[in-house]
Amino acid sequence: MRATEIIEKKRDGGELTTEEIRWFVEGYTRDSIPDYQAAAWLMAIFLRGMSPRETLDLTLAMADSGDRLDLSPVIPYAVDKHSTGGVGDKVSLVVLPLVAAAGVPVAKMSGRGLGFSGGTIDKLESIAGYRVELSDEEFMQQVRDHGIVLCGQTKSLAPADGKLYALRDVTGTVPSLPLIASSIMSKKLAAGANAIVLDVKVGSGAFMKHVEEARELARIMVEIGSGAGREMVALLSDMNQPLGCAVGNALEVREAIETLRGGGPADLRQHCLVIGAHMVRLGRQETGSGALDEAIAELADLMDNGGGFEKFRELVNAQGGDVSMVDDPQRLPRARLVEDIPAGADGFVAAVDALTVAKATLELGAGRARKSDPIDPAVGVVVRCKVGDQVRAGDPLFTIHANDGAKLAQARALLEQAVQFSEGEPQPLPAFYDTLYSEN
Ligand code: URA
């Protein structure tokens, strides 16, 4: 086979065979196909798209490019979750301990944040000592002993995706639905899940800005999962305003702990209950119509009686984190400068733009514009209003947590533009737009 022929075939709108896709992915992973040919191939896919069969073949080729985790010795039927990334998305921190406390073991590898979207691993690292890098043996041992593990992705997991994603990032080929779907699903399949809950975010603070494109991405991922024999649920959830209130690493850990103790913002609590209940239902392989409502009630009890919090504590302890920070979140990293931004006039909140809040948080140093940027765990923004709220002049709209006066001023300037007001009461935003299921 020749790389040029495969590139030309896709460029001219042809459908690639399973063997051609595998040959190309393997060749690029082994460095026998250079970046310039892989870039041309990606651009041809970006422009021409891929059939469902090609998309599944690409996913499987990337999943097979490194180690595939076999969780079956410790979890007979493994359930995983993935969020396409949003602002204030600390759902994994809440949901994983809850689901594990309900007796469904969870073993998850998570990513770091890039751009406006935060990463679970960065958030966990605000707990002193928390180890995000575990060997395969440690990973398996922890699931066996504690029924929960939450760590970073190993380099040997779908290395083809790591290389291709980095190349897409610099060749204008990230926003392609088959490329995004195969990239996400290759990592999930390699990580050993039998069933996967996808939280596909829609809105200004998400990759997908509109419900229709998010539904199409979700549909493609569900189709890939079904094609690979996995049980799938995909929820389309709102990301026009931040989820919960806290945006920033230690602030989000604090809010996750509050939520696990039965408090926290109502939207975050409800979101976590729904995602968690789908995981419980899949993990127990329950299909009855009442199973979801029962699981929601069970997880709500585990929030209110501290069962989920105890499991989070156990997780942090098992991974070497300082449990005193979990018991007393005031001990988590704290910023030196804390400033409220007040409302200028009375009115109803019509929009709290998630992307603007994310930009302000990036300015403060809570995220990274480039992969190598350091992050400050202490800084961020707490959103003090939600769409539909009535506010009076002087009420706080945001609280900024900063470690640098100039950065605080930049964040303030952005946040002053982030809220839109209306005179009449606006409709609150829906939490979820749709749910898609596999038909296995
Ligand atoms: N997240 C991924 O893992 N891959 C993509 O292509 C986009 C988002």
Taking N as the residue count of segment 217-272, its alpha carbon Rg divided by 2.2 N^0.38 Å gives 1.50
Taking each pair of distinct Cα atoms in segment 247-391 once, what is the resulting Kirkwood hydrodynamic radius in Å? 17.7 Å
When the Cα centres of segment 286-319 and segment 1-57 are compared, how far apart do they sit, in Å? 44 Å
Over the chain, what relative contact order in percent results from Cα pairs under 8 Å that are six or more residues apart? 20 percent
What order, most packed first, do the peptides 71-83, 355-367 have when packing is the mean number of other Cβ atoms within 10 Å of each residue? 355-367, 71-83
Rounded to the nearest 500 deg cm²/dmol, what is the calculated helix-only ellipticity per residue at 222 nm for the chain, with -39500 (n - 2.57) per DSSP H run of length n ≥ 4? -14000 deg cm²/dmol
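Express the relative contact order of segment 305-440 as a whole percentage, based on alpha carbon pairs under 8 Å and six or more residues apart in sequence.
In percent, rounded to a whole number, it is 31.
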Kindly rank 302-311, 34-43 from highest to lowest mean number of other beta carbons found within 10 Å of each residue. 302-311, 34-43
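What number, in nm² with one decimal, is the all-direction average of the projected area of the convex hull of the alpha-carbon atoms of segment 309-368?
On the way: hull surface 28.1 nm².
Its Cα hull, projected and averaged over all orientations, spans 7.0 nm².
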Extent of segment 262-318 along each principal axis, from alpha carbon coordinates, in Å, largest to smallest? 35, 27, 16
Which residues' amide hydrogens lie under 5 Å from the amide hydrogen of Met208, considering only partners 5 or more residues apart or on another chain, with H built in the peptide plane? Gly203
With θ taken as phi - 60° and the coefficients 6.51, -1.76 and 1.60, list the Karplus ³J(HN,Hα) couplings across segment 333-343 in order, rounded to whole Hz; mark glycine and proline as x. x, 10, 7, 6, 10, 10, 9, 8, 10, x, 5
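Where Rh denotes the Kirkwood radius from the mean inverse Cα pair distance, what is Rg over Rh for segment 395-440?
Taking Rh as the inverse mean 1/r over Cα pairs, Rg/Rh reads 1.24.
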Pairs of Cα atoms farther than 19 Å apart, segment 42-95, %: 60 percent
Given segment 161-250, what whole percent of its Cα pairs are spread farther than 20 Å? 43 percent
Karplus couplings for segment 25-34 from phi (6.51 cos²θ - 1.76 cosθ + 1.60, θ = phi - 60°), rounded to Hz, Gly and Pro as x? 5, 5, x, 5, 5, 7, 6, 8, 10, x
Once Lys and Arg are counted +1 and Asp and Glu -1 for all other residues with Cβ under 14 Å from that of Gln142, the total becomes -2
26 Å tail of the calculated P(r), segment 1-140, as % of Cα pairs: 46 percent
Phi angles of segment 38-55, converted by Karplus (6.51 cos²θ - 1.76 cosθ + 1.60, θ = phi - 60°) into ³J(HN,Hα) in whole Hz with x for Gly and Pro, give 5, 5, 5, 5, 4, 5, 5, 5, 4, 7, 9, x, 9, 6, x, 5, 4, 5
Return, ordered by residue number, the residues of segment 1-26 whose backbone nitrogen is under 18 Å from a label point located 7 Å along Cα→Cβ of Ser51. 6-24
Spelling it out for Ile33: with amide H atoms placed in the peptide plane at 1.01 Å from N, the residues 5 or more places away or on another chain with amide H under 5 Å from its amide H are Tyr28
Radius of gyration, Dmax [segment 95-170; alpha carbons; angstrom]: 14.1, 43
Among the lysines, select those whose C-alpha is under 21 Å from the C-alpha of Lys359, and discard any that sit fewer than 8 residues away in the same chain. Lys90, Lys123, Lys201, Lys209, Lys371, Lys386, Lys407
Distribution output for segment 1-74: share of Cα-Cα pairs per 10 Å bin in percent, first bin at 0, values 19, 51, 20, 8, 2
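Using R₀ = 30 Å, calculate the FRET efficiency as 1/(1 + (r/R₀)^6) where r is the Cβ-Cβ separation of Thr435 and Val174; round to 0.05.
Numbers: r = 26 Å, r/R0 = 0.87.
Calculated transfer efficiency: 0.70.
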Could you state the number of Å between the C-alpha centres of segment 254-274 and segment 123-197? 24 Å
Helix 354-364 versus the longest principal axis of the chain: what angle, 0 to 90°, nearest 10, using Cα atoms? 80 degrees
Given bins 10 angstrom wide, list per bin the percent of all Cα-Cα distances in the chain, short to long. 5, 21, 31, 26, 14, 4, 0
Say each of Ala345 and Glu423 gets a label point 7 Å from the Cα, pointing the same way as Cα to Cβ; how far apart are those two points in nm? 1.0 nm
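Every number here is computed from the coordinates shown, using simple stated rules; none is lab data. In this text, all values refer to a predicted model and were calculated from it rather than measured experimentally. Please note: Cβ atoms are built from the backbone with ideal geometry, for glycine as well, and neighbour counts cover all protein chains shown.
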